[in-house]
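What follows is a short report on a single structure.
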Amino acid sequence: MSVILVGGTPGTGKTKVAKILGSKLTVEVISLGQLADDSGCITAEDKARNTGIINEDCLVDALFELTADKSKRLVIEGHYIDLVPSSSIQWVFVLRTHPETLKKRLSERDYSEDKVTENVEAEVIGVCQLDALDAFGEAKVFEIDTTELSAPQSVEKIQALMKSGSSPTRIDWMSQLEEQGRIDEFLTD
Ligand SMILES: Nc1ncnc2c1ncn2[C@@H]1O[C@H](COP(=O)(O)OP(=O)(O)O)[C@@H](O)[C@H]1O
Ligand SMILES: [Mg+2]
């Protein structure tokens, strides 16, 4: 089995990038949010945040079933990639976007101010990166800085990495922003 995961904070371009990558590789693309919905794993509603709450046990079961066919190749994108069975994973790409650019992108969506702040903070800290490293280990997790790239350019970068065999490099917005004395612009307290 060879699953290619595309993860990242909301607004980093997962859905768009995964779609293009899937069509270039002629591989089916699964969106975790869609899978959760189709599998009846969205069990409650978080009214304050205006989103559904995913039953993680239910989604883990759905993912086990989905990845059980060892001959199949899949691109899986979404916000809960660490729930995908580790044994099925070949590549993990975590999309990263500079917090300033991400803030602009998310503000253009119908996101509340709180939701923008929450997601920008998660990107500064690198929550998705840390979760992915925890779940899949250093060697499989590659980070793509999409700040200055279009979605097709991000896909080209992913495909180049898949061919090159080079080691992953890490992105650390927190240290960069601290060095520039800009951390307070992005973290509340
Ligand atoms: N380099 C890039 N890669 C992907 N999306 C980008 C890029 N630059 C800007 N975008 C824009 O960012 C927005 C978020 O993309 P989307 O795929 O919905 O993200 P996600 O699924 O991670 O929330 C889209 O409007 C997309 O056009
Ligand atoms: Mg998306």
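The values are calculated or read from the model by the stated rules, or taken from the named source; none is laboratory data. Predicted model, so just to flag it, every value in this text is computed and none were measured. So basically every Cβ, Gly included, is an ideal-geometry build from the backbone, and we count neighbours across all protein chains shown. Heavy atoms of the whole protein, side chains included, go into the accessibility calculation; ligands, DNA and RNA do not. Shrake-Rupley method; radii C 1.70, N 1.55, O 1.52, S 1.80 Å.
Filtered by the rule that a residue be of a type in the set (Asp, Glu) and open to solvent by less than 10 Å² (accessible area, probe 1.4 Å), the stretch 62-76 gives no residues.
If you filter the stretch 46-81 down to residues that are in contact with a helix residue (DSSP H, G or I) (Cβ under 9 Å, 6 or more places away or on another chain), closer than 16 Å to GLN34 by Cα and charged (D, E, K, R), you find that the one that is nearest to ligand 1 (Cβ to nearest atom) is GLU77.
Within the stretch 168-189, how many residues turn out to be out of contact with any strand residue (DSSP E or B) (no Cβ under 9 Å at 6 or more places or on another chain) and over 26 Å from LYS115 (Cβ atoms)? Talk me through it step by step, then tell me what you get.
Step one: of the stretch 168-189, the residues out of contact with any strand residue (DSSP E or B) (no Cβ under 9 Å at 6 or more places or on another chain) are 172, 174-189.
So of that shortlist, the ones also over 26 Å from LYS115 (Cβ atoms) come out as 179, 181.
Within the stretch 168-189, residues that are out of contact with any strand residue (DSSP E or B) (no Cβ under 9 Å at 6 or more places or on another chain) and over 26 Å from LYS115 (Cβ atoms) number 2.
The single condition among (1) of a type in the set (A, V, I, L, M); (2) part of a helix (DSSP H, G or I); (3) open to solvent by less than 40 Å² (accessible area, probe 1.4 Å) that ALA139 does not meet is (3).
For the stretch 139-155, the condition holds for at least one residue, the condition being that it is more than 20 Å from VAL17 (Cα to Cα) and more than 16 Å from ligand 2 (Cβ to nearest atom).
Per this entry, GLY13 is not counted among residues that are more than 20 Å from LEU102 (Cα to Cα) and open to solvent by 20 Å² or more (accessible area, probe 1.4 Å). Return the residues of the stretch 1-22 that are farther than 21 Å from LYS115 by Cα and within 14 Å of ligand 1 (Cβ to nearest atom); say none if nothing qualifies. Across the stretch 1-22, the qualifying residues are LEU5, VAL6, VAL17, ALA18, LYS19, ILE20, LEU21, GLY22. Among the residues of the stretch 99-122, some residue qualifies, meaning at least one is out of contact with any helix residue (DSSP H, G or I) (no Cβ under 9 Å at 6 or more places or on another chain), among the β-branched types (Val, Ile, Thr) and open to solvent by less than 70 Å² (accessible area, probe 1.4 Å). Screening GLN90 against (1) within 16 Å of ligand 1 (Cβ to nearest atom); (2) of a type outside the set (Asp, Glu); (3) under 17 Å from the mean Cα position of the chain (by Cα); (4) open to solvent by 70 Å² or more (accessible area, probe 1.4 Å) leaves a single unmet condition, (1). In this structure, ALA132 qualifies as open to solvent by less than 30 Å² (accessible area, probe 1.4 Å) and out of contact with any His (no Cβ under 7 Å at 6 or more places or on another chain).
Filtered by the rule that a residue be over 14 Å from THR9 (Cβ atoms) and crowded, with 24+ Cβ neighbours inside 10 Å, the stretch 77-87 gives a lone residue, VAL84.
Report yes if some residue within the stretch 105-113 is closer than 21 Å to LEU21 by Cβ and within 15 Å of ligand 1 (Cβ to nearest atom); otherwise report no.
Filtering the stretch 105-113 down to residues closer than 21 Å to LEU21 by Cβ leaves 105.
Add one more test, that the residue is within 15 Å of ligand 1 (Cβ to nearest atom), and what stays is 105.
Yes; the residues of the stretch 105-113 include at least one that is closer than 21 Å to LEU21 by Cβ and within 15 Å of ligand 1 (Cβ to nearest atom).
Looking at this structure, is SER23 open to solvent by 70 Å² or more (accessible area, probe 1.4 Å), out of contact with any His (no Cβ under 7 Å at 6 or more places or on another chain) and modelled with pLDDT of 95 or more?
Working: open to solvent by 70 Å² or more (accessible area, probe 1.4 Å): yes; out of contact with any His (no Cβ under 7 Å at 6 or more places or on another chain): yes; modelled with pLDDT of 95 or more: yes.
It is true that SER23 is open to solvent by 70 Å² or more (accessible area, probe 1.4 Å), out of contact with any His (no Cβ under 7 Å at 6 or more places or on another chain) and modelled with pLDDT of 95 or more.
Across the stretch 26-41, the qualifying residues are those that are farther than 12 Å from VAL75 by Cα and open to solvent by less than 70 Å² (accessible area, probe 1.4 Å), and the one among them that is nearest to ligand 2 (Cβ to nearest atom) is GLY33.
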